[in-house]
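Heads up, the thing below is written out as structure tokens.
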Amino acid sequence: MIVSIRSVVQRLRFIVVFFLATYVVVQLLGVVSAWIAPVNKYREPQGRAVKVFHPNVELNMEPEQFRERLKLYYWLGE
């Protein structure tokens, strides 16, 4: 079996270029992903935005009002 040094060098060069290009693309995707992702998505809203969920507030709702809201929920499907 005859192995040409030129073909071995071409294949090695192709493999090196392929791995370098793969590494560059992965790093680029990481940078873009970090740039797009919000820093703290659970922070207090700013401007005219309103935070709807208040975990420490107890909900005192009369049973009749609760039933009406539940019927409306099932009726509208929301």
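Please treat every number below as a calculation from the coordinates, not as lab data. Predicted, not measured: the structure shown is a model, and the values here were computed from it.
Values for this structure:
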{"item": "Taking all pairs of distinct alpha-carbon atoms in region 1-40, Kirkwood radius in angstrom", "result": "12.6"}
{"item": "Linear extension gain, Glu44 paired with Leu76, 0.36 nm per residue minus alpha-carbon span", "result": "8.5 nm"}
{"item": "Gain upon complete extension [Arg11, Tyr23; 0.36 nm per residue less C-alpha separation]", "result": "2.5 nm"}
{"item": "Residue-wise HN-Hα coupling along region 7-23, computed from phi with Karplus coefficients 6.51, -1.76, 1.60 (Hz; x: Gly, Pro)", "result": "5, 5, 5, 5, 5, 4, 5, 4, 4, 5, 5, 4, 5, 5, 5, 4, 4"}
